[in-house]
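The numbers here are math on the coordinates, done by the rules we state, and not lab data. Keep in mind it's a predicted model, so treat the numbers as computed, not measured. Backbone-built Cβ (ideal geometry, glycine too); neighbour counts: all protein chains shown.
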Amino acid sequence: MSLRTSLPRIVTDAVPGPKSAELLKIRKDHVTDAVGMLAPVFVDRAEGAMVQDVDGNIFVDFVAGIGVLNIGHSHPEVIEAVKEQCEKYFAPNINVFNYEQYPRLAEKLNELIPIEGEKKTILVNTGAEADENAVKLARRFTGRSEIISFAGAFHGRSYMTMALTSKCRPYKTGFGPLPQGVHRFPFPYCYRCPYGLERESCGLHCAKMFEDSFFLEYVAPDQVAAIILEPILGEGGFVVPPNEFLTEMRRLCDKYGIVLIDDEIQAGYARTGKMFACEYWSVRPDILVSAKSVAGGIPIACVTARKDIMESVSPGELGGTYCGNALASASALKVLEIMERDDFCAKANHIGEMAMERLHEMQERYSIIGDVRGKGAMLAIEMVKDRTSKVPAKEETKAIIAECIQNGLVVLGAGVRDNCIRFLMPLVITDEQLHEGMDILDRAIAKITL
């Protein structure tokens, strides 16, 4: 059986095995602890949804590089596309030499991304860099300075994106002062409504608070350049807003001349069962930022905007040395071809249906699971001490994740309170692999909580 079709199997007495343990010593001596570590193992090879470590242990991957590998590990066609490009050139720099891959990728993104009217795209290297450029564009286009982001949001670790990001530790504490002009608004987290209301009867109170209070007491709307939001919170715990919320954000932006920035870095490229999550609500942003899964693991990020916004800046004001390099662009073109051809949105919805069924079954048996939520294959469970108080079960969540890793399933936490487990399995995972992973999760919850 090939690794691509294999099932999780732990062959060492414990994880990490001896070879990984030896390499961990080198990492400890030479790499700062500020670089996080989830699974204490070193990869030997990876295919599809499966990862084999240097000790021969095989893991089913429900993290996918934190949403980078919707296409799966080591997709054969992507490998061939990258090899072919490697034999020609890597990065002649788009500011020096033209090469076809950059404008071809921009053309394809402009075709796919749901922004009204004519649009243009710039290519950068990381999600944080893309968000930084989106803010630059919004400020230049509007002539305004203020930006609104949301509680629970994650937009990156650079200085501007630290200011946009919500969670203090480990992302912002001790790095101040952060850039000015960022104002934070509560995200519609219905499981933990910041206003203490119930969704069925709240009348979308959170959105009304913009005009009833926020624009009166915190920042005047005629000073706001942009509202930046994740259509589904990522690091914040995969919180899905009420159906009307994004529509209301679009209305407010239209009314006050504010640029709506849609950060689809984690939600984009078929993850939610739509190519972009904003399509669930038929909302068309003014700027859409994407990254992670677009190139199957090679760093690249994209900022797509209305043509008039993109043309408000002058030559040399956007870009960078490695931005839109030929290697990453060639990989992205092949990834997008495969995703469309093989209907990865349908794959995400199929995975989501199976996973949701399993997670709801677990919720019925384990009171620690307070909430099950998500769209497509972007799913999460929120762990609580009890369902009445909703006190976060932070330590139990950490223990469940560790137990899963010991038994061949890699999952990742999330949430401002560190009490969520998120699921980002590659969209090429087999049904059998998915169920094996869910079985490991089920046993881990039982062991830690019963």
Neighbour-count order for SER314, SER6, SER145, fewest beta carbons within 10 angstrom listed first: SER314, SER145, SER6
Convert each backbone phi in region 198-208 into a coupling constant with the Karplus relation 6.51 cos²θ - 1.76 cosθ + 1.60 (shift: θ = phi - 60°), then list the ³J(HN,Hα) values in order as whole Hz, x for Gly and Pro. 10, 4, 5, 10, 7, x, 6, 4, 4, 5, 5
Just to confirm a number: summing +1 for Lys and Arg and -1 for Asp and Glu over residues other than LYS375 whose beta-carbon lies under 13 angstrom from that of LYS375, what do you get? 0
Go through region 139-144 residue by residue and turn each phi into a ³J(HN,Hα) via Karplus (6.51, -1.76, 1.60, θ = phi - 60°); whole Hz please, and just put x for glycine and proline. 5, 5, 5, 8, x, 10
Net charge near GLU47: determine it from the other residues with C-beta under 12 Å of the C-beta of GLU47, scoring Lys and Arg +1 and Asp and Glu -1. 0
Region 298-449, dipole about Cα centre (Lys/Arg Cβ +1, Asp/Glu Cβ -1), debye to the nearest 20: 440 debye
What is the magnitude of the charge dipole of the chain about its Cα centre, with +1 placed on the Cβ of each Lys and Arg, -1 on the Cβ of each Asp and Glu, and no other charges, expressed in debye to the nearest 20? 840 debye
Tally Lys and Arg at +1 and Asp and Glu at -1 over the other residues with C-beta under 15 Å from the C-beta of ARG192: what net charge comes out? +3
Would you mind checking which residues have amide H under 5 Å from GLY370's amide H? H placed 1.01 Å from N; only 5 or more apart, or other chain. GLU382, MET383, VAL384
Dipole of the chain, positive direction: furthest Cα of VAL96, TYR195, SER367, with charges on the beta-carbon: TYR195
Within straight cross-link reach of LYS398, meaning Cα distance under 27 Å, which lysines are found once same-chain residues fewer than 8 apart are removed? LYS19, LYS25, LYS28, LYS167, LYS172, LYS292, LYS375, LYS385, LYS390, LYS447
When the charge dipole of the chain is computed with +1 on Lys and Arg Cβ and -1 on Asp and Glu Cβ about the Cα centre, the Cα farthest towards its positive end, among SER293, THR430, ALA128, belongs to ALA128
Tell me the mean residue ellipticity at 222 nm calculated for the chain from its helices only (DSSP H runs of n ≥ 4, each -39500 (n - 2.57), averaged over every residue, nearest 500). -10500 deg cm²/dmol
Most exposed first by the Cβ proxy, i.e. fewest other Cβ within 10 Å, how do MET383, MET339 rank? MET339, MET383
